[in-house]
Amino acid sequence: MSIAEILETMSYGPAPESDKEARAWIKGLGGETKLFIGGAWKKAKTGESFETIAPGSGEVLTRIAQAGAADVDAAVKAAAKAQPAWAALAGHQRARYLYALARLIQRHSRLFSVVETLDNGKPIRETRDIDIPLVARHFYHHAGWAQLMDGELADREALGVCGQIIPWNFPLLMLAWKIAPAIALGNTVVLKPAEYTSLTALLFAEMCQKAGLPEGVVNIVTGDGATGEEIVKHPGIAKIAFTGSTEVGRRIREATAGTGKSLTLELGGKSPFIVFDDADLDAAVEGVVDAIWFNQGEVCCAGSRLLVQESVHDRFIARLKARMETLRVGDPLDKVVDIGAIVHPVQLERIRSLVETGVKEGASLHQPKAGVPAKGCFYPPTLLTGVHPAATVSRVEIFGPVVVATTFRTPAEAVELANNTEYGLAASVWSETLSLALDIAPKLKCGVVWVNGTNMFDAGVGFGGYKESGFGREGGREGLSAYSRPKWLAKAKPIAEKPSAQPTGDVLSTAFVDRTAKFYVGGKQARPDGGYSRPVVSPSGALVGEVGEGNRKDIRNAVEAARKAASWGTASEHNRAQILYYIAENLDARAGEFAERLAAMTGRRRQDTVREVSASVSRLFAYGAWADKYEGAVHKPPMRGVALAMNEPVGTLGIVCPEEPGLLGFVSTFAPAIALGNRVVVIPSASQALAATDFYQVLETSDVPGGVVNIVTGDRHALALELAKHEEVDGIWYFGNAATTGAIEKASAGNLKQVWAETAQRDWFDARQGEGREFLGRATQVKNIWVPYGE
Ligand code: NAI
């Protein structure tokens with residue numbers, strides 16, 4: 001091509017990145033990789049391995065060791081051995097290792113980029129300019145948390161050994177998201193990269209050796225889902241952190257149920273990309289490119305559903321189609337390429353078949369004329385228009401370079417369409433009217449919102465989903481609680497629930513009222529659906545009162561009432577604070593009665609029950625105080641913008657109170673939940689249920705809107721299970737013995753609701769255990785709203 005022709009067409013020549021060093025490094029692996037366990041390279045005991053390919057060319061790069069149960073066991077043991085000494089290091093010392101890792105990654109960034117691009121197929125421009133710099137930033141940022149842990153997280157400590165399972169779409173970046181916070185806080189890890197993309201994890205292990213990281217702090221085992229399953233079920237692991245498909249996430253939820261392992265899940269998405277008619281349309285077109293063609297669309301938070309306001313739809317789509325013609329698909333190592341290879345033929349087939357389904361369901365298909373290289377694993381940028389919101393391609397995560405477009409008329413319709421998915425990971429909002437964008441942002445049910453931007457990430461900004469996109473946050477301060485726990489927990493005894501005394505037929509005449517307490521649902525007293533009641537007896541078996549026996553239908557009614565009270569979530573914090581103060585005052589006014597009731601139910605001395613009521617009043621005041629003070633944060637990532645980390649309520653929470661203490665346990669759990677905008681269905685202590693049923697009048701006289709607090713009495717374990725199964729419950733708190741946690745956690749896998757199952761005895765009278773940030777954190781999920789700011 002002559003220079004004149006080049007100037008005319010402005011076409012780019014190839015600009016290939018050299019892969020010489022990367023190939024030499026791969027060759028040095030000896031044809032088959034080893035596992036990194038206890039600081040040394042070990043052959044897999046299974047003797048098995050599988051091929052890993054370069055999707056850009058289809059060639060086999062090397063063979064990857066398939067770790068089995070014995071290998072995972074060795075890795076967990078090495079991690080367990082290393083953990084106490086690692087956690088005991090001063091934060092400053094751990095920080096130095098993380099800084100060293102960050103620097104080593106920077107120093108070897110070109111090698112990391114090229115190996116990643118070869119193995120995954122993503123364009124070198126992205127690995128070089130996005131993945132690897134973000135990896136280094138992650139270790140720098142978390143080195144800082146290691147340094148600050150003693151002061152900033154003074155009452156928390158490491159969990160122990162963390163099992164971490166990551167996907168193939170951002171192999172090294174996901175490793176960094178997992179390993180950096182874990183080891184910063186004193187945990188040790190066993191990490192499994194995805195089977196398609198194991199190489200950069202092994203290169204990272206070499207960096208751990210170079211940094212002189214103590215043996216066993218980081219262990220890398222390679223293999224497929226079967227290896228992942230071995231990690232998930234290993235009893236030596238305290239926590240599982242998983243990123244990947246919702247299907248596998250659900251399986252892991254079930255597999256870890258009842259084991260006491262803590263769990264965070266970062267799962268799939270079907271994120272909306274909303275373009276209002278006053279958006280800068282050219283900028284929004286570039287936004288779509290970044291939203292769905294970045295990383296071949298293999299991005300959990302990809303803007304895969306394009307919602308365009310009707311009035312600009314045709315114009316916008318025409319511009320988008322024109323832009324699609326200029327996207328270059330091809331050799332991932334070519335520096336001018338925009339879209340690289342799909343990770344594996346299996347994934348390519350999945351994308352093809354989903355697009356076929358879309359077309360069969362009536363979508364119009366648009367792909368650029370240029371097509372894709374004949375050799376290698378490529379799929380063209382694809383736009384499906386005229387897609388019905390109920391179509392398969394509108395609902396299912398395609399995880400490829402395919403965007404589905406539809407229109408909306410009003411902002412309210414945009415919100416409705418955006419939220420019409422079981423996922424809730426991210427959203428992009430495009431409008432030059434910031435007041436419109438910032439009106440929409442809180443209404444979107446997802447963990448991240450980008451205003452006039454997309455796919456921005458930073459180590460200091462939490463990331464994670466709502467609904468079936470998972471739970472837990474990664475990044476920044478928000479991510480630290482997932483890798484630490486309160487110090488007092490280690491010494492706490494397990495809760496042992498005593499069976500209630502058998503009724504003797506005696507009646508405690510002073511306290512007995514000749515009526516059965518009903519439930520409290522939607523602000524009204526409601527009769528039990530089954531028409532049964534259960535006795536509440538004193539320790540000697542004398543009848544103190546009767547309460548309703550709740551069943552599935554009662555739970556359903558209570559959940560429905562709670563969902564209807566959604567406006568509590570958007571009530572002002574000031575308003576919620578006032579109501580909590582009011583509840584506190586009204587309880588205080590009736591302190592004598594409550595103390596008497598508690599004494600009758602527990603046989604405790606009057607002075608002790610007076611103390612419990614007084615502690616409950618104080619706790620209500622405390623949450624009145626917190627209601628407008630548990631504020632979010634403003635993050636300042638190293639780019640043009642800020643991220644507003646907003647603490648949003650989880651939604652409808654099911655709370656199974658501790659059996660003991662009846663009143664304080666009830667107040668200490670429902671109060672933080674409602675203080676932060678949740679609506680609750682509470683199952684109080686069974687043996688002291690009257691403490692909760694007497695509370696109806698306190699609620700009624702305190703201006704608590706109907707449906708915010710719903711109370712159903714009965715068998716705590718049976719009712720907990722009903723709550724766990726309910727698809728409209730967003731989270732469960734359970735304080736009780738371990739017998740039921742397995743069933744609760746398993747049942748929660750349906751809609752992947754968050755579960756806080758606490759089986760350790762806490763001293764509810766001690767504010768450090770029974771009150772404060774631990775509860776407030778559990779009552780909220782952080783939404784990070786990225787907005788343009790500054791230069
Ligand atoms: P996947 O969820 O099967 O794999 C993710 C990781 O989990 C891999 O390391 C895998 O070896 C491991 N794994 C698989 N089964 C396991 C099990 N039973 N127990 C423990 N670990 C297990 O994802 P896959 O099959 O690679 O991709 C399928 C679809 O999942 C994609 O088309 C995409 O829709 C979605 N996906 C979503 C991701 C996200 O970040 N949200 C990432 C990767 C895939």
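The values are calculated or read from the model by the stated rules, or taken from the named source; none is laboratory data. Given the structure is predicted, the values throughout are model-derived calculations rather than measurements. Cβ: placed from backbone, ideal geometry, glycine included. Neighbour counts: every protein chain shown. These accessible areas exclude ligands, DNA and RNA; they are computed on the full protein's heavy atoms, side chains included. Shrake-Rupley method; radii C 1.70, N 1.55, O 1.52, S 1.80 Å.
Here is how the numbers come out for the structure above:
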| read-out | value |
| --- | --- |
| Scope region 236-252; condition within 18 Å of ALA158 (Cβ to Cβ) and within 11 Å of the ligand (Cβ to nearest atom); matching residues | ILE240 |
| Residue ranges of strands (runs of 3 or more DSSP E) in region 12-58 with at least 3 members more than 25 Å from GLY340 (Cβ to Cβ) | 35-37, 40-42 |
| Positions within region 544-568 being open to solvent by 10 Å² or more (accessible area, probe 1.4 Å) and assigned to a strand (DSSP E or B), in sequence order | GLU546 |
| For VAL285: the one exception among (1) surrounded by 15 or more Cβ atoms within 10 Å (Cβ to Cβ); (2) touching an Asp or Glu at 6+ places or on another chain (Cβ under 9 Å) | (2) |
| Looking only at region 253-281, and only at residues there that are within 12 Å of the ligand (Cβ to nearest atom) and part of a helix (DSSP H, G or I), the one that is surrounded by the fewest Cβ atoms within 10 Å (Cβ to Cβ) | GLU254 |
| Number of positions in region 282-292 that are in contact with a Pro (Cβ under 9 Å, 6 or more places away or on another chain) and either more than 16 Å from the ligand (Cβ to nearest atom) or free of Cβ contacts under 8 Å to residues at least 60 places away in the same chain (or both) | 1 |
| Residue within region 733-742 that is farther than 27 Å from TRP568 by Cα and part of a strand (DSSP E or B) present | no |
| Of all residues making up region 194-240, the number that are under 25 Å from PHE471 (Cα atoms), touching a Gly at 6+ places or on another chain (Cβ under 9 Å) and of a type in the set (Asp, Glu) | 2 |
| Pairs, first under 13 Å from GLY144 (Cα atoms) and at pLDDT 95 or above in region 175-195, second away from the ligand (no atom under 11 Å from the Cβ) and in a loop (DSSP other than H, G, I, E, B), C-beta under 6 Å, six or more apart | ILE183/VAL217 |
| Condition met for ASN295 (under 23 Å from the mean Cα position of the chain (by Cα), within 16 Å of the ligand (Cβ to nearest atom), over 22 Å from ARG778 (Cβ atoms) and open to solvent by less than 20 Å² (accessible area, probe 1.4 Å)) | yes |
| Top-ranked residue in region 382-405 [being free of Cβ contacts under 8 Å to residues at least 60 places away in the same chain and of a type outside the set (S, T, N, Q); ranked as surrounded by the fewest Cβ atoms within 10 Å (Cβ to Cβ)] | ALA390 |
| Positions within region 165-188 being of a type in the set (A, V, I, L, M, F, W, C) and either within 14 Å of the ligand (Cβ to nearest atom) or within 11 Å of GLU116 (Cβ to Cβ) (or both), in sequence order | ILE165, ILE166, TRP168, PHE170, LEU172, LEU173, MET174, LEU175, TRP177 |
| Matching residues in region 368-400 - criterion: being of a type in the set (Val, Ile, Thr) and over 32 Å from the mean Cα position of the chain (by Cα) | VAL372 |
| Within region 236-248, tally of residues that are crowded, with 20+ Cβ neighbours inside 10 Å and polar (S, T, N, Q) | 2 |
| Residue under evaluation TYR379, criteria (1) open to solvent by 10 Å² or more (accessible area, probe 1.4 Å); (2) away from the ligand (no atom under 16 Å from the Cβ); (3) aromatic (Phe, Trp, Tyr), criterion not met | (2) |
| Tally of residues being buried (at least 19 other Cβ atoms within 10 Å of the Cβ) and either assigned to a strand (DSSP E or B) or free of Cβ contacts under 8 Å to residues at least 40 places away in the same chain (or both) across region 417-435 | 5 |
| Residue check for PHE765: crowded, with 19+ Cβ neighbours inside 10 Å, touching an Asp or Glu at 6+ places or on another chain (Cβ under 9 Å) and not acidic (Asp, Glu) | no |
| GLY541, sole failed condition from (1) open to solvent by 10 Å² or more (accessible area, probe 1.4 Å); (2) on the phi > 0 side of the Ramachandran plot | (1) |
| Filter result for SER311 (more than 25 Å from the chain's Cα centre (by Cα), polar (S, T, N, Q) and over 16 Å from LEU444 (Cβ atoms)) | yes |
| Single residue of ARG305, ARG323 found to be within 16 Å of the ligand (Cβ to nearest atom), in contact with a helix residue (DSSP H, G or I) (Cβ under 8 Å, 6 or more places away or on another chain), modelled with pLDDT of 95 or more and open to solvent by 10 Å² or more (accessible area, probe 1.4 Å) | ARG305 |
| Test: LEU203 is within 16 Å of the ligand (Cβ to nearest atom) and open to solvent by less than 40 Å² (accessible area, probe 1.4 Å) | no |
| Among residues of region 212-235, those that are of a type in the set (Gly, Ala, Ser), under 27 Å from LEU89 (Cβ atoms) and either open to solvent by 20 Å² or more (accessible area, probe 1.4 Å) or within 11 Å of the ligand (Cβ to nearest atom) (or both), counted | 1 |
| Any hit, region 162-169, residues being surrounded by 23 or more Cβ atoms within 10 Å (Cβ to Cβ), modelled with pLDDT of 95 or more, within 27 Å of the chain's Cα centre (by Cα) and among the aromatic types (Phe, Trp, Tyr) | no |
| ALA599 being open to solvent by 20 Å² or more (accessible area, probe 1.4 Å) and either among the hydrophobic types (A, V, I, L, M, F, W, C) or closer than 30 Å to PHE463 by Cβ (or both) | yes |
| Selected residue (only one of LEU134, LEU101 is out of contact with any Cys (no Cβ under 9 Å at 6 or more places or on another chain), in contact (Cβ under 8 Å) with a residue 24 or more places away in the chain and aliphatic (A, V, I, L, M)) | LEU134 |
| Selection count where residues are of a type in the set (Gly, Ala, Ser) and either without any contact (Cβ under 8 Å) to a residue 60 or more places away in the chain or in a helix (DSSP H, G or I) (or both), scope region 606-660 | 8 |
| Subset of region 335-367 [of a type in the set (A, V, I, L, M), over 29 Å from the mean Cα position of the chain (by Cα) and either within 16 Å of the ligand (Cβ to nearest atom) or surrounded by fewer than 18 Cβ atoms within 10 Å (Cβ to Cβ) (or both)] | VAL336, VAL359, LEU365 |
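Let's see how each residue does on (1) small (Gly, Ala, Ser); (2) under 30 Å from GLU116 (Cα atoms); (3) part of a helix (DSSP H, G or I):
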position	(1), (2), (3)
SER304	yes, yes, no
ARG315	no, no, yes
MET324	no, yes, yes
ASP331	no, yes, no
GLY358	yes, no, yes
PRO368	no, yes, no
ILE398	no, yes, no
VAL415	no, no, yes
